[in-house]
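Visitor: The structure that follows is given in the form of structure tokens.
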Amino acid sequence: MLDLLQAILDGVMFGATYALIGIGFTLVFGVMHKINMAYAAASVGGAYCGLLVLVAFKGAPAWAVFLGAFAAGGVLGYLVYLACFHFIPLANPLATLMSTVGMLLLIDEIVVHTTDGMPQNYPAMFDDVMLRAGELSIRGDLLLIFGVGVACMAVLLALLYRTRLGLATRAVSQQPVAAQLCGIRVAQVNAATFVITGLLGGLAGALIGASVGALSPLLTVPLTVKGLIVTVIGGLGSIPGAIVAGLLVGGFENLFQQFRGVTERDLYVMLLLFAFLVFRPGGIFASGAGRD
Amino acid sequence: MLELERASRHFGGVRAVDGLSLSVGEGEIVGLIGPNGSGKSTTVNLVTGLFPLTSGRILFRGADLAGVAVHRRLGFGIARTFQNIRLFGHLTVWQNLWVAQNAPEDRARRGFFARWLGGSAGVRREISELLEFAGLAARQDELAANLAFGEQRRLEVARALATRPKLLLLDEPAAGMNAEEVGQLRERILKLRVRGVTILLVEHVMELVMGVADRIVVLNFGQKIAEGTPAAIQADPVVRKAYLGGEAAG
Amino acid sequence: MDFYYGLAQIIGVHTLLGLSAYIVLLTGQVSLAQAGFFAIGAYAAGMLTVLFGWPIVPALAVGAILGAIVACAVGFPALRVRGLMLVIATLAFGEGVRLFFFNFDYQIARGDIKVGPLGGEGFRQIRYFPENGWTTFEVMLFIWAIVAIVMAVLWWFDRSRYGAVLRAVGEDEVAAQSVGINLTAVKVSAMTIGGAVAGVGGGLYAHYTTHIEHTSFNILVATFAIAYPIVGGLASVFGTLAAVVFVQGFLVEGLRFLGDWRNLLFGALIVLAMNLRPDGLVDARVLGRLARVFRGVRRA
């Protein structure tokens with residue numbers, strides 16, 4: 001029983017990274033009604049770029065690497081926006097979808113080439129710290145991940161609901177044409193959305209690398225799938241949904257792993273997704289069977 | 001032919017259609033008018049099944065339409081046109097009519113193979129006839145999206161006719177037309193009646209409705225506020241008030 | 001010369017993969033599940049020839065039928081999710097199929113060796129063609145005969161009423177319903193046909209590569225499947241063929257001298273293609289010009 005609780009606890013805390021990735025997908029969907037398939041790849045790419053900090057300043061502390069990943073994520077986010085959304089007419093959803101897939105492949109390959117496909121070690125913080133809460137133990141690095149994740153979500157929500165940019169973003173997501181007529185520069189808002197989600201993503205990628213101990217290009221596709229699962233379970237366009245769903249998926253994933261091992265774990269996460277698709281396609285917070 | 005019994009459609013707090021009872025007899029042309037937001041289009045959507053009823057019943061030739069899927073209502077003989085034209089833009093004029101030949105009589109007459117994979121002389125004849133009626137014979141290979149506005153409207157009607165309806169719901173067919181086009185539309189609607197189609201005409205353009213309807217029903221805020229012949233409606237102060245808000249002369 | 005036959009084989013099989021996504025795409029459903037049906041056809045046909053000694057054509061037929069059945073089963077719940085949610089759902093399904101085969105063992109002893117799929121190791125020794133004396137050239141002809149038949153059938157569907165109905169549904173579901181089109185029947189039937197085509201493609205794939213494993217049916221393959229009709233344009237089956245030839249022929253092989261970097265170029269070229277020609281390589285205008293060249297008019 002204790003093992004189960006421990007597994008769930010660890011999973012939920014790690015799930016904060018899934019929540020961040022999920023937020024990235026869902027925010028872009030909410031604002032532009034498009035899926036950015038390259039998001040997880042850009043996040044992993046950002047994390048890799050964080051390692052450049054170590055290349056430049058040997059022995060730099062872990063948080064510097066995280067910061068580098070954070071910044072690189074934002075840059076990559078903007079690049080994805082330019083390549084996939086700025087020029088392609090928005091009325092052509094297939095074309096934008098395909099181009100984001102192209103970016104996914106491109107980023108993945110660049111990473112593989114520059115690292116020769118070898119996993120890269122990733123610095124962690126507090127990985128030697130172990131707190132205790134009664135019978136359960138809490139890994140320090142997971143707690144950091146959880147804490148940073150929560151802080152990011154709070155900042156993001158504040159941004160969306162208490163700033164002019166956030167207001168403009170919400171306006172564009174509801175009525176892009178009307179927003180334009182009110183003088184809101186839709187292109188800028190969209191670009192800003194990508195930069196912000198990119199920043200989040202880069203940080204999420206760094207945190208994942210930190211907790212796993214290493215980064216590998218093999219992370220990209222499973223992370224994309226998981227991020228999409230979180231987005232769907234949380235409800236497309238719902239940030240609170242993505243947050244809850246991320247923690248949920250993290251917890252369940254670890255639970256399944258505890259029961260059935262690593263190879264079958266992903267299959268069960270998939271079944272969880274299908275269950276939601278069948279019974280609650282609108283996501284956790286939807287009222288019954290919602291539709292896209 | 002068509003009976004609405006206290007039909008209601010509520011969207012949360014908004015009562016788009018509220019306890020509406022109206023009937024359309026076979027062979028009639030009934031006009032449905034009312035200010036913007038009075039529930040005219042919602043009524044059409046309720047009859048065709050795009051929106052489910054919140055309460056009340058809709059009967060077509062005595063049969064309750066509750067639970068009947070949109071595409072099945074065709075089998076009953078109900079067809080409609082759309083206020084903002086919904087043609088299949090990437091299909092040709094001919095194809096727009098072709099895909100609409102789904103009436104039970106068509107289904108029964110031809111085998112599966114012929115209907116889906118082949119073509120047949122009978123089908124071609126019928127489509128040609130519809131094209132003649134709509135004045136679009138010369139444009140049959142043109143993509144629907146490339147047609148002029150008036151041509152698109154005519155194609156919408158022709159497409160609805162391809163389903164061999166007994167009741168045709170026209171949703172603001174005169175929107176955006178000039179006086180001459182309205183006159184032509186009036187002629188076409190009368191010709192439809194000659195073909196044996198009963199018509200429920202939802203419209204804003206008064207010259208058309210007054211000139212073609214046998215009977216007019218007036219809606220406001222989802223409820224029926226008046227019903228009668230065009231002359232009676234024009235003289236009705238309640239109707240004037242709804243449209244013009246307050247006493248108005250002439 | 002064998003090199004070119006091999007390339008032609010790849011193009012042929014990928015065309016089938018692309019066509020399976022094409023027909024589903026016509027109805028407006030973006031399906032990343034085709035790689036899953038492809039995998040089912042591959043494993044099924046492979047197991048029938050290797051484990052049970054079936055001849056190739058019936059084995060392929062069973063692969064197609066199984067692909068169709070599973071696709072039909074997927075088609076119904078797929079109706080409940082629209083647009084981008086469908087993309088995600090089918091992606092997850094495809095991944096689910098891959099994970100299934102990752103965990104799938106079914107081996108039979110043949111003499112003193114075991115044959116059959118073995119989880120992560122995959123399914124080796126699918127040697128029907130070599131064991132029966134087929135040359136590379138003959139295999140290529142066989143593949144292309146099937147591709148030609150499938151393309152002819154789909155092209156015929158496209159010009160028929162069914163094709164127009166598929167596109168009507170893809171264009172405007174509300175209008176389609178209102179003229180009496182049964183959306184469920186149309187969308188599920190398209191998915192089923194796509195599953196059958198993918199199943200045949202998978203069966204052929206298993207036999208010419210002789211070794212399949214779960215990574216052969218990953219998201220990249222699902223992406224290729226959908227990329228071909230999108231990049232090629234939805235106006236006609238030839239668009240998909242053009243895209244396959246472009247991608248596989250020009251890109252992957254013609255840029256072989258770039259070595260490892262050609263995968264990188266693939267991604268970049270997709271991005272470029274979508275920016276420059278968002279409606280695909282063979283869009284309606286190109287098709288119109290081609291049609292006038294061949295003096296055919298779009299009429300039934």
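Every read-out reported here was derived from the displayed coordinates using simple, explicitly stated rules and does not represent laboratory data. Here the structure is a predicted model, which is why all the values come from computation and not from measurement. Using ideal geometry, Cβ is built from the backbone for each residue, glycine included, and neighbour counts are taken over all protein chains shown.
Visitor: Report D for region A:50-111 in µm² per second (integer): Stokes-Einstein, Kirkwood Rh on Cα pairs, 10 °C, 1.306 mPa s.
Guide: The estimated diffusion coefficient comes to 120 µm²/s.
Visitor: Right, next: Calculated FRET efficiency, B:Arg186 and C:Leu51, Cβ-Cβ r, R0 56 Å, to nearest 0.05?
Guide: The value I calculate is 0.15.
Visitor: Another question, if that's okay. Given the protein assembly as shown, what percent of its DSSP beta bridges are antiparallel, to the nearest 5?
Guide: Beta bridges within the protein assembly as shown, antiparallel portion: roughly 65 percent.
Visitor: Would you mind working out the magnitude of the charge dipole of region A:15-220 relative to its Cα centre, with +1 at each Lys and Arg C-beta and -1 at each Asp and Glu C-beta, to the nearest 20 Debye?
Guide: In debye, rounded to 20, region A:15-220 gives about 720.
Visitor: Report the relative contact order of region C:2-218, percent, no decimals, based on alpha-carbon pairs under 8 angstrom and at least 6 residues apart.
Guide: 44
Visitor: Give me the distance in nm between label points sitting 7 Å out from Cα along the Cα-to-Cβ direction at A:Thr163 and A:Phe57, one decimal.
Guide: 2.4
Visitor: What nm value, rounded to one decimal, do you get for the distance between B:Ser120 and B:Arg195 when each label is placed 7 Å out toward the C-beta?
Guide: 2.0
Visitor: Considering amide H positions built from the backbone, and no H for Pro or chain starts, which residues 5 or more places from C:Phe123, or on another chain, come under 5 Å of its amide H?
Guide: Those qualifying (amide H under 5 Å, at least 5 residues apart or on another chain) are C:Leu118, C:Ile212, C:Glu213.
Visitor: Can you give the Rg to Rh ratio of region A:15-220, both from alpha-carbon atoms, with Rh computed by the Kirkwood formula?
Guide: Rounded to two decimals, Rg/Rh equals 1.01.
Visitor: On to the next question. Round to a whole angstrom and tell me the spacing of the C-alpha centers of region A:256-282 and region C:64-87.
Guide: After rounding, the separation between the Cα centres reads 18 Å.
Visitor: How large is the translational diffusion coefficient of chain B in µm² per second when you combine the Kirkwood radius over alpha carbon pairs with Stokes-Einstein at 25 °C and 0.890 mPa s?
Guide: Rounded to a whole number, D works out at 130 µm²/s.
Visitor: What is the Cα centroid distance between region C:109-185 and region B:1-56, reported in whole angstrom?
Guide: 47
Visitor: May I pose another question? Once every DSSP H run of n ≥ 4 in chain A is given -39500 (n - 2.57) and the sum is divided by its residues, what mean residue ellipticity at 222 nm do you get, rounded to the nearest 500 deg cm²/dmol?
Guide: -25500 deg cm²/dmol
Visitor: Counting alpha carbon pairs within less than 8 Å and at least 6 residues apart, what relative contact order, in whole percent, applies to region A:15-220?
Guide: 41
Visitor: Once you wrap a convex hull around the alpha carbon atoms of region B:140-248, what is its projected area averaged over all directions, in nm²?
Guide: Directional mean of the projected Cα hull area for region B:140-248 stands at 8.2 nm².
Visitor: What do you get for Rg/Rh over the protein assembly as shown if you use C-alpha atoms and the Kirkwood form of Rh?
Guide: Radius of gyration over Kirkwood radius for the protein assembly as shown works out to 1.01.
Visitor: Once each part is reduced to its C-alpha centroid, what is the distance from region C:221-243 to region B:209-229 in angstrom?
Guide: Each part reduced to its Cα centre gives a spacing of 53 Å.
Visitor: Continuing with the same structure: Just the number, please: percent antiparallel of the DSSP beta bridges in chain B, rounded to the nearest 5.
Guide: 55
Visitor: If you bin every alpha carbon distance in chain C into 10 Å steps from zero, what whole percent lands in each bin?
Guide: 7, 27, 35, 22, 7, 1, 0
Visitor: With the crude spin-label approximation of a point 7 Å out along Cα→Cβ, what separation in nm comes out for A:His33 versus A:Asn121?
Guide: 5.0
Visitor: While we're here: Toward the positive end of the charge dipole of region A:15-220, about the Cα centre and with charges on Cβ (Lys, Arg +1; Asp, Glu -1), which of A:Asn121, A:Tyr48, A:Leu200 goes farthest?
Guide: Checking the options against the dipole of region A:15-220, the answer is A:Leu200.
Visitor: Moving on to the next point. Looking at region B:142-202, I'd like the Rg to Rh ratio, where Rg is from alpha-carbon atoms and Rh is Kirkwood's inverse mean 1/r.
Guide: 0.96
Visitor: Would you mind getting me the FRET efficiency between C:Lys114 and A:Ala275? Use the beta-carbon distance for r and R0 = 41 Å, nearest 0.05.
Guide: According to the calculation, E is roughly 0.65.
Visitor: Fewest to most neighbouring Cβ within 10 Å: what's the order for C:Thr49, C:Thr136?
Guide: With the sparsest Cβ surroundings first, the list reads C:Thr136, C:Thr49.
Visitor: Taking the Cα centre of the protein assembly as shown as the origin and placing charges on Cβ (Lys, Arg +1; Asp, Glu -1), which of A:Phe87, C:Ala109, B:Gly12 is farthest toward the positive end of the dipole?
Guide: Positive-most Cα among the choices belongs to B:Gly12.
Visitor: Mind checking the dipole of chain C: about its Cα centre, +1 per Lys or Arg Cβ, -1 per Asp or Glu Cβ, Debye to the nearest 20?
Guide: 900
Visitor: I want to verify a result. In a Gaussian network model of chain B, Cα cutoff 10 Å, which of these has the top mean-square fluctuation: B:Gly12, B:Gly122, B:Gly150?
Guide: Highest fluctuation of the listed residues: B:Gly12.
Visitor: Moving on to the next point. Pairs of alpha-carbon atoms within less than 8 angstrom and 6+ residues apart define the contacts here; what relative contact order does chain B have, in percent?
Guide: It rounds to 28 percent for chain B.
Visitor: I've got another one for you. Work out the charge dipole of region A:15-220 with +1 on the Cβ of Lys and Arg and -1 on the Cβ of Asp and Glu about the Cα centre, then indicate which of A:Ile184, A:Ala64, A:Val155 is farthest towards its positive end.
Guide: Positive-most Cα among the choices belongs to A:Ile184.
Visitor: Follow-up question, since we're still on this one. Can you give the percent of C-alpha pairs in region B:65-204 whose distance is more than 17 Å?
Guide: Summing the P(r) tail past 17 Å for region B:65-204 gives 60 percent.
Visitor: For region B:202-241, max minus min Cα coordinate along each principal axis, in Å, sorted largest first?
Guide: Principal-axis extents of region B:202-241 (Cα, largest first): 24, 19, 15 Å.
Visitor: Decide, for region B:20-67, between rounded, prolate and oblate: order the square roots of the alpha carbon gyration tensor eigenvalues as a ≥ b ≥ c, take rounded if a/c falls under 1.5, and otherwise choose prolate if a/b is larger than b/c, else oblate.
Guide: Verdict is oblate for region B:20-67.
Visitor: Assuming a strict under-18 Å limit between Cα atoms, what lysine pair count do you get for chain B once near-sequence pairs (fewer than 8 apart, same chain) are dropped?
Guide: Lysine pairs satisfying the spacing and distance rule in chain B number 4.
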